[in-house]
Every structure is written in structure tokens, then in C-alpha cells.
Amino acid sequence: MNTPGVFPTSSGKSHALCLLKGKPNLTISANPSHWFRTFGTTPDPAARLVCFPHAGGSATYFRPLWSALPASIQLESVQYPGRQDRRNEPFADTVTGLAGLITNAFEWRDDVPTAFFGHSMGATVAFEVARRLEQRGRNLLVLFASGRRAPTFSPSDPVRLDTDADVLAELRRLGGTDAALLDDDDVMQMILPAVRNDYQAAEAYRYQPGPSVSCPIVALHGSDDCRVSSVEADGWRNHTSDTSFRYELNGGHFYLDTEYSAVARLVEQHLGVTPEGHTRQSDVHA
């Protein structure tokens, strides 16, 4: 049993061996190139923004945010196992287990200030990775926690996951998924396993008392988000020894879908990056 506040520092292999779910005899890759995606090139970045997707999401969700940011900000997005090009790997079935794997795969750069941006479940994962990195002497510039209650809040309205119909009902409730896709049985059969796994992991997560992060936390949420109240978003201030900020933007749980430009301006502000231009190269490195 781990002592509260002390995080495991073992290799990714040991985490993977206890996280096999539904795909026997397979392990989760520890190769950093499998975990992180970059969009375009940033030769001399002023800052590095690492993004963590929502439950069931993938790295490509953050491409519109990358397009809205200044060219001087390098955006990297985490690709969780068990989906898209990593579909042959097993899922990570706990938030803390996923955080441990990402921490071990993460390549820190001392020459570029690094910030995290996590949406929904991704905010909790980003927070847990940040805690572990700090125990290794690596401190973030900023942690952006989007569309997620603070870690100390348990679900006030647990998500029902008993049947596929329950999962689909939650997807419809939150928005963010094209209705035509939700009605396509073939597509749903491909994505439902990842969605269900991630929802179960997110719902089961319980905060373990320990060190807060020492960087500022910026909490963002939609004004009509049925899953995050202003009180729950404001609770992030209790998880940093530095300053905290909260912004409410127009929209629901997936307010990002329509507010990427506004979010990009907030990112610029808190990273201290001058918006000298928004030209991006079109090549994608996967």
C-alpha cells in the first residue's frame, strides 16, 4: 500500500501489468512517442502546453485549440491507450494508474516552460501527473483544469453505466458528440468500450490526501455544464499553494467546441505569451 502523498516511481511496465483489461497477453506501451501527439512544428517555443483529453476522447480533440494559439506555443496532446492508433493496447482502468504511466513516459524539457490543460476526466489526470512530477522536482508553469469538479468533490449525480443505452444517454446529455454518430451502431460499437472504461475510471476516482501543486491553477467551466457547478470548479483553489483563477464560459460540458478562441486567449494570458500571430503549419506529426 502506498503512503498517502507518496507516489510510486516504478517503471511503466509494473503499472501496465496491473492494468490489462479485456485484452489478455498485451501490455501498455511505455514508449513516449506512443503517448504524445504534436500538431505542426514549433522550432523555438516560448511555452509548451500538454493537453489531456476527456473520457473516451483522443489526442485530436485539441487540434482546434492548437490552431487558435500563437505559433510560439507548442501544443502536445496525450493519446490514451485503447483507442485509435493505440486500439490494440489495453485500457488503463484507473485514473491514478493512467497518471503513473503518463508520468513515466513524459519527457521533461528544462529549456521550455511547461503547462498542462486537461478537460473533464483529463483535468484530474493532469492534476495527478503534475503531483507526481513535482515529487521528481519538475514544476509546471500553470495547470488549466477544464470542465471538471475539484478532486475533493465526489460525483453528486453518478453516471449510470449498466448498459450501452445508459452510456449513450450520458453522451447525449453532455453533448460534444455528433447525433448522427450516436445513431450509428457500427461507430458506437467501436467507441463505446473506451467511453465506458474511462467513465468507470473517472467515477471511481477518489482524491488521496497529499501534496498540492505549487503552480497556479486556472479552472474553466461552461455556464450550462450539468456536471460541474461553480462551487465545484472553484474548489480547485484548494489544490495549489499558489494563486487560482476561475472562468465561466458560454456553453455546456463541451463549451470548448465553440469557445476555443476565448480559451486560447486565456491560455496566452496565463502563460505570459504575446499573441504575435496565429499562423500554423498544416503538417501533423502522429
> Name the residues in the range 242-263 that are over 16 Å from the mean Cα position of the chain (by Cα) and touching a residue at least 60 places away in the same chain (Cβ under 8 Å), would you?
Replying inline: GLY252, SER261
> Can you pull out the residues in the range 78-94 that are buried (at least 22 other Cβ atoms within 10 Å of the Cβ) and not in a loop (DSSP other than H, G, I, E, B)?
Replying inline: VAL78
>> Can you report the number of residues in the range 26-70 which are part of a loop (DSSP other than H, G, I, E, B) and out of contact with any Lys or Arg (no Cβ under 6 Å at 6 or more places or on another chain)?
In response: 19
> What are the pairs, 6+ residues apart or on separate chains, where a residue within the range 83-97 that is more than 13 Å from TYR205 (Cα to Cα) has its Cβ under 7 Å from a residue that is modelled with pLDDT under 90 and not in a loop (DSSP other than H, G, I, E, B)?
Replying inline: ARG83/ALA194; PHE91/ALA194
> Restricted to the range 95-116, and to residues that are among the aromatic types (Phe, Trp, Tyr) and surrounded by fewer than 22 Cβ atoms within 10 Å (Cβ to Cβ), which residue is nearest to ALA30 (Cα to Cα)?
Replying inline: PHE106
> Can you tell me which residues in the range 208-225 are over 9 Å from THR240 (Cα atoms), at pLDDT below 95 and surrounded by fewer than 20 Cβ atoms within 10 Å (Cβ to Cβ)?
Replying inline: GLN208, PRO209, GLY210, ASP224
>> Checking the structure you have, find out if any residue of the range 60-70 is in contact with a Ser or Thr (Cβ under 9 Å, 6 or more places away or on another chain), more than 25 Å from VAL228 (Cβ to Cβ) and either hydrophobic (A, V, I, L, M, F, W, C) or modelled with pLDDT under 95 (or both).
In response: yes
> For the subset of the range 64-82 comprising residues that are touching a residue at least 40 places away in the same chain (Cβ under 8 Å) and within 14 Å of the chain's Cα centre (by Cα), which member is nearest to LEU256 (Cα to Cα)?
Replying inline: LEU65
> Within the range 239-260, how many residues turn out to be farther than 16 Å from HIS119 by Cβ and out of contact with any Ser or Thr (no Cβ under 7 Å at 6 or more places or on another chain)?
Replying inline: 3
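The values are calculated or read from the model by the stated rules, or taken from the named source; none is laboratory data. Treat the numbers as computed from the prediction; the structure is a model and nothing was measured. Methodologically, a virtual Cβ is constructed for each residue, glycine included, from the backbone with ideal geometry; neighbour enumeration extends over all protein chains shown.
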